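Working notes for the structure below.
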Amino acid sequence: MPSIANSAEKVPSGRLLGIFAINLGRSPDRWAEIERHFGHLEWPLERIAAVDARNNPQAVLSVRGQSLRFPPDGVAWNGHRNRLFMLTEEACLAGHVLTWRRFLASDFTYALVLEDDAEPQPGFAEAVSELLSSDLGVDIVKLEGVFRPGGRKVITIRQLGEHRLVRSLRPASGSAAYLVTRRGAERLLAGVDQNCVPADDFLWSGAYHDCDVAHLAPWVIMQSGSASVIATDKTSKRAHVRAPFGRAVRMPLLRALERLKLVWAAIKGRPLKLLNTTVAPWAPNGYNLKDSMALAAKDRKSSNG
């Protein structure tokens, strides 16, 4: 099975890593920033044209064959958050789906997937290079997450210079930057199907796709702080629609089961590994949240509460 940096699983005559950045046509300034940050690296950079919920809702819905079950802009019920799954959230998820498809159609062995507000932190290129030179046996490595002060409980996989590759017992939401293998992309596509949860939640939870998800601590990419161009406020997500009958009881049970699956996956079915739990930092040392809009925008899309 493919894993990050497993040379035996490279595509024959293929290239090692491609960078795929999702960008709306009406945000050329963001693409310019992506080119400035990532265009000079040794890995090719490719723009993925995002679908625009504001200007072409049908194009958004057609990516996964969805429809508006709760007009005017509710696609479905988000059972994970117990609220509506909005057209803007579908647009964000669709951008990732298009990226996974494009990656699998390429000759790259691995993909670095970026949203267009991704901003590299010191040590980013070195950390990715080291990841690509090591046989880590995972499908996804999250390089970014929603900023929170303090740390998170983790089980360390290995040390990577000043960073650690870890399995998190309480992952942070965020889909702005991650490495994925071809096997991981295939599983993401198989798992996304008709699941109506934001990309931020879908990515970190193996319960949706059975991918082995690891995290780099501290993160080497953070959101730039730009205001979200797709976010929908939480009031709109709950407006005019009642939760399906029994959801108030079922949701806590489902979330608890999701967490248990996450922990079980992190310890690889070996409870004694919990004795090796440590705390890893979320954000880079000395990181300043330059603009509180980054946190607010991501929370409006989805938060991993």
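The values are calculated or read from the model by the stated rules, or taken from the named source; none is laboratory data. Here the structure is a predicted model, which is why all the values come from computation and not from measurement. Positions of Cβ are backbone-derived with ideal geometry, glycine not excepted, and every protein chain shown enters the neighbour counts. Calculation scope for accessible area: heavy atoms of the full protein, side chains included, ligands and nucleic acids excluded. Shrake-Rupley method; radii C 1.70, N 1.55, O 1.52, S 1.80 Å.
Summing Lys and Arg as +1 and Asp and Glu as -1 over all other residues whose Cβ lies under 15 Å from the Cβ of Gly269 gives a net charge of +3. Here the Karplus curve 6.51 cos²θ - 1.76 cosθ + 1.60, taken at θ = phi - 60°, turns the phi angles of region 146-155 into couplings of 5, 5, 9, x, x, x, 9, 6, 9, 10 Hz, with x standing for Gly and Pro. In this structure, Trp264 and Leu104 have a Cβ-Cβ separation that, at R0 = 25 Å, corresponds to a calculated FRET efficiency of about 0.30. Between Lys153 and Asn55, the simple label model (points 7 Å from Cα in the Cβ direction) yields a spacing of 4.7 nm. Backbone phi angles across region 249-266, fed through the Karplus curve with coefficients 6.51, -1.76 and 1.60 (θ = phi - 60°), yield HN-Hα couplings of 8, 5, 4, x, 5, 5, 5, 5, 5, 4, 5, 4, 4, 5, 5, 4, 5, 5 Hz in residue order; Gly and Pro are listed as x.
Sorted largest first, the principal axis extents computed over the alpha-carbon atoms of region 148-211 equal 38, 26, 19 Å.
Taking all C-alpha pairs of region 58-105, those more than 12 Å from each other amount to 61 percent.
Extension gain, Ser62 to Glu46, is 3.5 nm, computed as 0.36 nm per intervening residue step minus the present C-alpha separation. The trypsin sites (Lys or Arg not before Pro) of region 61-138 that meet both conditions, a loop assignment by DSSP and at most 14 other Cβ atoms within 10 Å of the site Cβ, are Arg69. Using a simple spin-label model with pseudo-atoms 7 Å out from Cα toward Cβ, Ala256 and Thr278 lie 3.2 nm apart.
Amide hydrogen proximity for Leu114: with H placed 1.01 Å from N in the peptide plane, the residues at 5 or more positions away or on another chain lying under 5 Å are Phe20, Ala21, Ile22.
Per-residue Karplus couplings for region 109-123, computed as 6.51 cos²θ - 1.76 cosθ + 1.60 with θ equal to phi - 60°, are listed in order as 7, 10, 10, 9, 9, 10, 8, 7, 10, 6, 9, x, 10, x, x Hz, Gly and Pro entered as x. Arg15 contributes about 110 Å² of solvent-accessible surface, heavy atoms of the protein only, 1.4 Å probe. Once the chain from Arg170 to Val249 is taken as fully extended at 0.36 nm per residue, the excess over their C-alpha distance is 26.2 nm.
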